[in-house]
Amino acid sequence: MRNEWRSNAWLFAELLIISIVMWYVLVFFASIVSARMDHPGYDTEGVYSLGLSWVQPDSELYDNSRSANDAYQEDKEELVRRLREIPQTEAVSLGSMILPYNYNFSGNTYTLQRIDDPDSTVRVLFSQKPLQSEMVEVMHYEGISGETPQRLRELLDEGFVLVTENLFEAVNVEADDDAIKNVPREWTVMKYDSTTYKIGAVIRAIKRNDYEPAFYPTLVYPNRWGNELDLRVKPGCGREFEEYMDENIGKYRVGNCYISDVKSVEVIKEANQRDIVQMMEMQLACIGFLMLSIFLGLLGTFWFRTQQRVGEIAIRLANGATRGSIFSRLISEGLILLAIIAPLALPAYWVLLHYDLTLSYGMPDGMGMYVLCALVTFALLALMIVLGIWFPARKAMKIEPALVLKSE
């Protein structure tokens, strides 16, 4: 290696730069996969959004006796009762800003206050979800301690509120799993008007779509009012429910309130995520192209470098060296270069993380995934080096040394 220190220096710099680029790309790829595979916090399969509309006051069909706000609410609740009687219905409820994939944000800042120490507080910006308690069964929210949607509904009926598990993450407060699970016993939520709510359970973080992490914690609290009407059908009854509503949607009018349309949330999801999906596919294609370019470039570098050393290989063979010893020497030289760059590449990774220069918004907490990406980076580089040396070295060793030395 000393005889080729100059070429090795350039190769050293190339490996260092490539390792940093590969790690950065792998972290970005891992963040996309992590965000996509993470539980969304709900289950929209079999859920339908029912459009609520109102007869306008200037219409001949307007019922003046049902114009008060209380009448509107009573009419909506009567619609809910009638929908609950449909044989295919599993759960139906009213709420506000419940469904994902709409990208609207209804937020407010609340104060977390310790039960045993009222002076210990944390200010948190919550995404609010006011709803009637049955909505947790429609959306299939689940508690991190095993609470079922039915149990969560009972807690809401008792006046408790629900918070999501990313509660402390959003305000950069370190907390382990036990601390999160103990939130109902240790904290309360105080509104800006000093109204205090007891926390009934901690539920899974709620994402607004399939490709993003849950950026904000969510506060779920009981509320009678709401203009969003959502319904979950029993398993396997979606087609029957759609056919029934196509034929009978005109029957669902109470006072001045009526159902104008029925949309599957799966259809809403597909329509609203189409641009995101296309962008993700383009990003993944770019990642694939970049990784292939890096692979072929590094492979070609070591291939060309090994072919240039055919004369050296012939001399070693002529002097009694075995093919195995020559081959292991060539491979070890490349891997030694990789081992030398590792102590320099790792600090570069840390700098990118420390200054938040990576595109890793979907990564799980902790360093585990970043370390895994580093290990995968070095494994891929080692594979490229071995392949780049293996094939030309095998070809060179099949040539008679006398012929190579004669041409030299």
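Against the numbered list (1) crowded, with 18+ Cβ neighbours inside 10 Å; (2) hydrophobic (A, V, I, L, M, F, W, C); (3) not assigned by TED's automatic domain parsing to the domain that holds E169, L284 comes up short only at (1). Scanning the stretch 55-79 for residues that are of a type in the set (A, V, I, L, M, F, W, C) and crowded, with 18+ Cβ neighbours inside 10 Å turns up just one, L79.
Residue-by-condition table, conditions (1) free of Cβ contacts under 8 Å to residues at least 60 places away in the same chain; (2) in contact with a strand residue (DSSP E or B) (Cβ under 7 Å, 6 or more places away or on another chain); (3) in a helix (DSSP H, G or I):
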residue	(1), (2), (3)
E14	no, no, yes
L26	no, no, yes
E45	no, no, no
R82	no, no, yes
I98	no, yes, no
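For the stretch 143-170, the set of residues classified as among the hydrophobic types (A, V, I, L, M, F, W, C), out of contact with any Leu (no Cβ under 8 Å at 6 or more places or on another chain) and closer than 22 Å to R208 by Cα consists of I144, F168, listed by residue number. Number of residues in the stretch 150-197 that are within 21 Å of Q132 (Cα to Cα) and of a type in the set (A, V, I, L, M, F, W, C): the value is 9. The residues listed here are L112, L162, L167, L152; of these, the one that is within 18 Å of A201 (Cβ to Cβ), part of a helix (DSSP H, G or I) and among the aliphatic types (A, V, I, L, M) is L152.
Looking only at residues of the stretch 106-120 that are touching a residue at least 24 places away in the same chain (Cβ under 8 Å) and surrounded by fewer than 18 Cβ atoms within 10 Å (Cβ to Cβ), we find that the one that is farthest from T188 (Cα to Cα) is G107. Residues in the stretch 221-272 that are closer than 12 Å to G46 by Cβ and not in a strand (DSSP E or B): K234, P235, G236, C237, G238, R239, E240, F241, E242, V265, E266.
Taken over the stretch 43-54, the residue count meeting the criterion of being surrounded by fewer than 15 Cβ atoms within 10 Å (Cβ to Cβ) and in contact with a Ser or Thr (Cβ under 7 Å, 6 or more places away or on another chain) is 2.
If the condition is being modelled with pLDDT of 90 or more and surrounded by fewer than 17 Cβ atoms within 10 Å (Cβ to Cβ), then the stretch 23-39 contributes only H39. For the stretch 130-149, which positions are aliphatic (A, V, I, L, M), buried (at least 21 other Cβ atoms within 10 Å of the Cβ) and either over 23 Å from the mean Cα position of the chain (by Cα) or not in a helix (DSSP H, G or I) (or both)? Correct list: L131, M135.
Cβ-Cβ distances below 6 Å connect the following pairs, each with a first residue in the stretch 145-158 that is in the same structural domain as P130 (by TED's automatic domain parsing), a second residue that is assigned to a loop (DSSP other than H, G, I, E, B) and among the polar types (S, T, N, Q), and a separation of six or more residues or different chains: R153/S133; L156/S133; D157/S133. Among the residues making up the stretch 301-325, a single one is over 22 Å from W10 (Cα atoms) and modelled with pLDDT of 75 or more: S325. The lone criterion from (1) at pLDDT below 90; (2) exposed (fewer than 15 other Cβ atoms within 10 Å of the Cβ); (3) more than 30 Å from N64 (Cα to Cα) left unmet by W225 is number (3). In the stretch 311-337, the residues that are surrounded by 13 or more Cβ atoms within 10 Å (Cβ to Cβ) reach residues that are outside any helix (DSSP H, G or I) and modelled with pLDDT under 80 with C-beta atoms within less than 6 angstrom, at least six apart or across chains, in these pairs: G311/E408; E333/M1. Looking at G159, is it more than 27 Å from V267 (Cβ to Cβ), surrounded by 20 or more Cβ atoms within 10 Å (Cβ to Cβ) and small (G, A, S)? The answer is no for G159.
The values are calculated or read from the model by the stated rules, or taken from the named source; none is laboratory data. All values derive from a computational prediction rather than experimental measurement. Ideal geometry is used to build each Cβ from the backbone, glycine not excepted, and the neighbour counts take in all protein chains shown.
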